[in-house]
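Trainee: I have a structure here, written as structure tokens, and I will follow up with some questions on it.
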Amino acid sequence: GDSVIQMQGQVTLSENDFLFINCTYSTTGYPTLFWYVQYSGEGPQLLLQVTTANNKGSSRGFEATYDKGTTSFHLQKTSVQEIDSAVYYCAMRREGGRALIFGTGTTVSVSP
Amino acid sequence: GALVYQYPRRTICKSGTSMRMECQAVGFQATSVAWYRQSPQKTFELIALSTVNSAIKYEQNFTQEKFPISHPNLSFSSMTVLNAYLEDRGLYLCGAGSSGNTLYFGEGSRLIVV
């Protein structure tokens with residue numbers, strides 16, 4: 001069935017470190033892929049989305065490439081800051097669908 | 001920009017009672033509203049998807065009898081948790097979007113059952 005896999009439950013970094021969060025998906029056709037970020041006490045906010053395979057999305061220094069070949073949508077940021085501490089969710093909307101399927105989330109903790 | 005408001009933010013209810021939560025979309029037409037529950041472990045469960053002029057589609061393990069949803073217009077939706085018990089606790093999130101585009105989420109309605 002359709003699924004989104006985030007293997008890393010927790011990532012701990014220091015400021016200016018490189019961030020990489022792994023995300024793979026499983027579905028048929030060409031889904032739209034998303035990254036959402038959820039800060040403590042808030043709802044999830046859209047960070048970036050990519051609709052077309054092999055395209056890259058970017059926002060606030062974060063970027064992710066929709067790789068149809070490896071069915072991946074990994075998130076990365078060159079230099080994280082303490083304010084980037086949050087839970088990051090990879091999500092997918094299957095082709096023709098309306099609801100989102102979320103991964104289990106990756107908690108990113110950045111120390112100053 | 002697109003904004004989604006949810007209220008109440010937090011409710012404490014006695015076991016066996018019900019809680020109604022509301023979702024308001026501002027700045028766009030919410031043709032689709034998806035209700036999710038976020039567990040204490042932070043995972044998202046899709047409860048149901050409501051699309052204007054279509055039947056509400058509930059996911060497995062969630063029923064209309066337990067989680068009745070109303071989506072009367074393009075800016076508002078509500079959901080009730082009937083006969084809430086401990087396993088119903090969590091953060092209920094409303095994600096609203098237009099014409100199959102991005103879902104924008106509110107800050108959630110947290111249900112605490114005592």
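Trainee: Consider the range B:92-114. How many of its residues are surrounded by fewer than 23 Cβ atoms within 10 Å (Cβ to Cβ) and either without any contact (Cβ under 8 Å) to a residue 40 or more places away in the chain or over 15 Å from B:Arg9 (Cβ atoms) (or both)? Lay out the reasoning, then the answer.
Mentor: Our first condition is that a residue be surrounded by fewer than 23 Cβ atoms within 10 Å (Cβ to Cβ); within the range B:92-114, this holds for B:98-102, B:107, B:110-114.
Narrowing further to those that are either without any contact (Cβ under 8 Å) to a residue 40 or more places away in the chain or over 15 Å from B:Arg9 (Cβ atoms) (or both): B:98-102, B:113-114.
Looking only at that region, the number is 7.
Trainee: What about A:Arg93, is it of a type in the set (Lys, Arg), within 14 Å of chain B (Cβ to nearest Cβ) and open to solvent by less than 40 Å² (accessible area, probe 1.4 Å)?
Mentor: Considered against the rule, which asks whether it is of a type in the set (Lys, Arg), within 14 Å of chain B (Cβ to nearest Cβ) and open to solvent by less than 40 Å² (accessible area, probe 1.4 Å), A:Arg93 comes out as yes.
Trainee: What strands (runs of 3 or more DSSP E) completely inside chain B contain at least 2 residues that are within 14 Å of another protein chain (Cβ to nearest Cβ)? Steps first, answer last, please.
Mentor: Numbers: elements: B:3-7, B:10-13, B:19-26, B:32-38, B:44-51, B:69-73, B:76-81, B:90-97, B:109-113.
The qualifying strands (runs of 3 or more DSSP E) are B:3-7, B:19-26, B:32-38, B:44-51, B:69-73, B:90-97, B:109-113.
Trainee: Being within 11 Å of the chain's Cα centre (by Cα) and either open to solvent by 60 Å² or more (accessible area, probe 1.4 Å) or within 19 Å of A:Lys77 (Cα to Cα) (or both) is the filter here, so list the residues in the range A:1-14 that pass it. It would help to see each step written out before you state the result.
Mentor: Our first condition is that a residue be within 11 Å of the chain's Cα centre (by Cα); within the range A:1-14, this holds for A:4-6.
Matches in the range A:1-14: A:Ile5, A:Gln6.
Trainee: Applying the selection to the range B:62-91, what residues are of a type in the set (A, V, I, L, M) and free of Cβ contacts under 8 Å to residues at least 60 places away in the same chain?
Mentor: B:Ile69, B:Leu74, B:Met79, B:Leu91
Trainee: Here's another thing I want to ask about it. Just to be sure I understand, how many residues within the range A:15-74 are hydrophobic (A, V, I, L, M, F, W, C), open to solvent by less than 50 Å² (accessible area, probe 1.4 Å) and away from every other protein chain (no Cβ under 12 Å)?
Mentor: 7
The values are calculated or read from the model by the stated rules, or taken from the named source; none is laboratory data. Predicted model only: the values in this text are computed from it and were never measured. Every residue, glycine as well, gets a Cβ built from its backbone with ideal geometry; the counts of neighbours run over all protein chains shown. Only protein heavy atoms, including side chains, enter the accessible area calculation; ligands, DNA and RNA are left aside. Shrake-Rupley method; radii C 1.70, N 1.55, O 1.52, S 1.80 Å.
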